[in-house]
Amino acid sequence: MDESRVLIGPTSGSGDGVGRLLSLPHPKSGKKTCYLLNNGMLQELHCFKQPYTSWFLGDYVSQDGSLYSATPVDPVFVLLPIFEEARMKKGDDLGKFRQLDEILFIQNYSGYHHLIPIAHDSMQLVCEIKEIGSSKFFRLDDSKAFAWLLCKVSQLKQALPSLDKNYAAQDENNTLADAVAILGEYLKDEPWLKLLCNHLQLNLPEATKKVSNAETSLTENNPASGNFMPEKDKSDSKTKRTSQRGKKAKVETESQNIREMFTRASRRR
């Protein structure tokens, strides 16, 4: 089962607070990645797990120390590899026009079906469209996709100096390289990242190295990968497990007592 509905708590706006978890291949690595679709926004989920950590969530004590974060992601990045393959381009042939429900019918990834409304709007930026009656047919357009990527680079390049003093202090070329590296976390080297680097006169191996380091960090902490803890933390956890077993049991017992205390307190209200 690669998707489910989840209650995500109060939301701003008119949403009902119910999101949908989707398991989709990462646009760069192809590995299963967890996304949250809520109120028409697609977000990538990350899990940062620390051993022996608990959190207070209102009146409730969570013994699972996992910290989840959801980062908004432009759906075009997620859909770009699918649309690139769907046109079945060969040589100088521009490929085929196809309907969205056909393009997004991917075996073992039924979650793509829920992205059809988003794809209808967002992919018009990078596709040619033909209308026959009430039906629309899409085909990825290389020139439109590349222009969209250059626009993304320009936006990031302008935004980075305002985010951090280190970005503000570095020269323009390094800021440009960082912007491309950030986008490269969601782009395959061929053809898009290579095209960007060639056009902007950047060194592809350097950009790829930055991307690889960032991608490794994200993959290790992604809830869909089943690998919540970095390898170093796993080895440290194994060596400490025996010596801290008694201490861990005590902490867990105290956490249960604290949770029961808040449960009783909430019942008296």
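Take Leu140 and decide whether it is of a type in the set (A, V, I, L, M), within 29 Å of Lys31 (Cβ to Cβ) and either touching a residue at least 24 places away in the same chain (Cβ under 8 Å) or exposed (fewer than 11 other Cβ atoms within 10 Å of the Cβ) (or both).
Criteria met by Leu140.
Mind listing whichever residues of the range 81-126 are of a type outside the set (Phe, Trp, Tyr), crowded, with 16+ Cβ neighbours inside 10 Å and touching a helix residue (DSSP H, G or I) at 6+ places or on another chain (Cβ under 7 Å)?
Passing the criteria: Ile82, Ala86, Arg98, Leu100, Ile103, Leu104, Leu115, Ile118, Ala119, Ser122, Met123, Val126.
For residues that are more than 16 Å from Lys28 (Cα to Cα) and modelled with pLDDT under 85, scanning just the range 166-204, find the one that is most open to solvent (accessible area, probe 1.4 Å).
Here the answer is Asn166.
On the given criteria, is Phe77 within 19 Å of the chain's Cα centre (by Cα) and farther than 30 Å from Phe48 by Cβ? Show your work before the answer.
Numbers: within 19 Å of the chain's Cα centre (by Cα): yes; farther than 30 Å from Phe48 by Cβ: no.
Here the answer is no, as Phe77 does not meet what is asked.
Is it the case that the range 162-182 has a residue that's more than 26 Å from Lys32 (Cα to Cα) and among the basic types (Lys, Arg)?
Keep residues of the range 162-182 that are more than 26 Å from Lys32 (Cα to Cα), which gives 162-177.
From the residues that got through so far, the ones that are among the basic types (Lys, Arg) too are 165.
The answer is yes; a qualifying residue exists.
Considering each residue of the range 148-165, count those that are in a helix (DSSP H, G or I) and either farther than 26 Å from Gly30 by Cβ or open to solvent by 60 Å² or more (accessible area, probe 1.4 Å) (or both), and give that number.
Of the residues in that region, 11 qualify.
The values are calculated or read from the model by the stated rules, or taken from the named source; none is laboratory data. Keep in mind it's a predicted model, so treat the numbers as computed, not measured. Don't worry about glycine lacking a Cβ; one is built from the backbone with ideal geometry, like all the others, and counts go over all protein chains shown. All accessible areas refer to the heavy atoms of the entire protein, side chains included, with ligands and DNA or RNA removed. Shrake-Rupley method; radii C 1.70, N 1.55, O 1.52, S 1.80 Å.
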